[in-house]
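In what follows, a structure is listed as structure tokens, so that the remarks can point back to it.
Please treat every number below as a calculation from the coordinates, not as lab data. Keep in mind that what you see is a predicted model, and the values were worked out from it rather than measured. Positions of Cβ are generated from backbone atoms using ideal geometry, with glycine treated the same way; all protein chains shown enter the neighbour counts.
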């Protein structure tokens with residue numbers, strides 16, 4: 001069984017992993033890892049790479065991720081949406097997907113894993129992926145361990161990234177930035193997103 005970390009608007013690499021799967025599992029029993037894709041996602045803004053962080057309620061070290069809750073004390077969702085609009089308004093398929101993506105950004109689900117899973121499930125349907133999300137019941141070792149591989153500071157995906165070029169809105173200013181949030185691929189490639197993921201699944 002493919003086991004993946006819970007990710008917010010997961011990176012392209014993660015969606016490529018599930019492109020040819022019927023089912024996969026989201027890890028629910030690991031300790032929450034800060035500064036990871038579990039509570040942040042990366043988009044391509046006018047000034048380059050932009051990290052959008054989901055605020056969390058206070059938590060202690062070694063808290064299981066299934067106990068982590070999202071904080072809505074501040075209006076961060078509006079800031080996220082404005083950043084996404086600014087980044088992708090000029091992309092080929094922004095208007096095509098806007099009405100479906102915006103409600104995901106403004107989701108009020110408290111539990112982080114559930115919020116991420118709901119977003120991922122809708123995105124899979126939009127892309128046309130048939131993989132069904134399940135959840136782990138306990139923590140087990142895996143090789144390769146994608147839970148640690150899929151991380152903003154981990155460059156192990158470089159072979160995948162080097163073969164993954166597609167046209168991006170601000171590429172002429174800052175060059176191609178690989179493995180951003182799936183939003184980048186969806187807004188730029190639209191209906192071709194599934195084909196892209198399926199083809200690049202073979203590069204992993």
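Annotations for the structure displayed:
- Cα-based shape type of the range 13-100, given that a ≥ b ≥ c are square roots of the gyration tensor eigenvalues and the cut on a/c is 1.5: oblate
- Cα gyration tensor category, rounded, prolate or oblate, for the range 63-139 with a/c compared to 1.5: oblate
- Exposure proxy ranking, count of Cβ atoms within 10 Å, fewest first, for 28, 198: 198, 28
- Of the residues 66, 73, 184, the one with the fewest other Cβ atoms within 10 Å heads the list, and the complete ranking is 73, 66, 184.
- Ordering 99, 181, 121, 164 by the number of other Cβ atoms within 10 Å of each residue's own Cβ, fewest first, gives 99, 121, 164, 181.
- Ellipticity at 222 nm from helices only: DSSP H runs of n ≥ 4 in the chain, each -39500 (n - 2.57), divided by the residue count, give -10500 deg cm²/dmol.
- When both bridge partners sit in the range 3-203, DSSP labels roughly 60% of those beta bridges antiparallel.
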